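A short write-up of the structure that comes next.
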Amino acid sequence: MASAMVGIPALKSTYFDMTARMEKAVEGFRTQLVAIRTGRASVHVLDPVRVDAYGSMMTLSQVATVNAAEGQLITVQPYDPSLIKAIEKAITEANIGLNPQNDGKIIRLPVPPMNEERRKETVKHLNKVLEDHRTAIRNIRRDGNDAIKKAVKDKLVSADEEKRATEEVQQLTDTEIKRIEEMFKAKEKEVMTV
C-alpha cells in the first residue's frame with residue numbers, strides 16, 4: 001500500500017523516521033527472542049556472552065567457533081587454546097543457565113531440558129519483553145501523531161491530510177504490534193513444547 005504521508009511534504013520525514021524506529025523495535029524484539037533459552041540447543045543463547053581477550057571485550061563468535069550439533073549440546077572451540085579459561089569464565093558469568101565443561105581443547109555446554117516451572121517462568125519473561133516492545137511501538141505512534149498535530153498547527157497539513165495520516169500511523173502501529181505478537185506466539189510454542 002502506498003503511503004499517504006509520503007505524499008505530504010511536511011510529513012514525509014516523520015513517516016520514514018517512524019517506520020525506521022518501528023523496524024528497529026521489531027528487530028530488537030527478534031534479537032531478544034532468539035537469545036532466550038528453550039529446551040533445545042541454540043548457539044544464539046550465547047549471543048550475550050562477552051569474553052575478555054587480548055585486552056578487550058569480544059563476542060564469543062570472535063574468539064571461537066560455536067556449534068549446536070546435537071539437540072542437547074553446544075560446543076565452543078576456541079581459535080586460540082590459551083583463551084579456553086577466559087571463555088569458560090565468560091559463559092559462567094553470563095548467567096544463562098549453562099554449565100561449561102572443558103577438556104583443554106573444547107568447551108561442551110549440555111543444555112538441560114527445561115522443567116514445567118522453568119518453561120512457565122520463561123513464558124512470563126517473554127510476556128514482559130513483548131509488552132516492553134509493544135509500549136516502545138506505541139510511543140513511536142505517539143511521537144508520529146504529535147508530529148502530525150504540530151504540522152496541522154503550523155498550517156502545513158490540511159484536516160483531511162491529518163485524518164489520513166493519523167489513520168496510517170495507527171495501521172502501521174497495528175501491523176508492527178501484530179508482527180511481534182506472532183513472533184511471541186511462535187517462541188511461546190517452542191518453549192512450551194516438551
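The values are calculated or read from the model by the stated rules, or taken from the named source; none is laboratory data. Quantities reported herein were computed from a predicted structural model and do not represent experimental measurements. Because the Cβ atoms are built from the backbone with ideal geometry, glycine has one as well, and the counts that use them run over all protein chains shown.
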Practice task
Tell me, please, whether a residue that is modelled with pLDDT of 90 or more, of a type in the set (Lys, Arg) and more than 16 Å from the chain's Cα centre (by Cα) can be found in the stretch 169-186.
Solution key: no
Exercise for the section: With the checklist (1) surrounded by fewer than 17 Cβ atoms within 10 Å (Cβ to Cβ); (2) touching a residue at least 24 places away in the same chain (Cβ under 8 Å); (3) assigned by TED's automatic domain parsing to the domain that holds residue 69 in hand, flag the one item residue 87 doesn't pass. Expected result: (1)
Problem - Scan of the stretch 74-103 for residues that are assigned to a loop (DSSP other than H, G, I, E, B) and farther than 21 Å from residue 38 by Cα, ordered by number - result: 79, 80, 103
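Among the residues of the stretch 90-109, write down those that are free of Cβ contacts under 8 Å to residues at least 24 places away in the same chain and not β-branched (Val, Ile, Thr).
As a first pass, look at the stretch 90-109 and keep what is free of Cβ contacts under 8 Å to residues at least 24 places away in the same chain: 92-93, 95, 99, 101-104.
Across the stretch 90-109, the qualifying residues are 93, 95, 99, 101, 102, 103, 104.
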Problem - Residue list for the stretch 162-194, filter: among the basic types (Lys, Arg) and either buried (at least 20 other Cβ atoms within 10 Å of the Cβ) or touching a residue at least 24 places away in the same chain (Cβ under 8 Å) (or both) - result: 164, 179, 187
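Taking the stretch 111-126 only, how many residues are assigned to a helix (DSSP H, G or I) and touching a residue at least 40 places away in the same chain (Cβ under 8 Å)?
Narrowing the stretch 111-126 to residues assigned to a helix (DSSP H, G or I): 116-126.
Filter once more, keeping what is touching a residue at least 40 places away in the same chain (Cβ under 8 Å): 119, 122-123, 125-126.
Summing the residues that are assigned to a helix (DSSP H, G or I) and touching a residue at least 40 places away in the same chain (Cβ under 8 Å) in the stretch 111-126 gives 5.
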Fill in the blank from the handout: Of the residues in the stretch 149-178, those that are within 14 Å of residue 7 (Cβ to Cβ) and either touching a Ser or Thr at 6+ places or on another chain (Cβ under 9 Å) or not in a helix (DSSP H, G or I) (or both) come to 151, 156, 157, 158, 165, 168
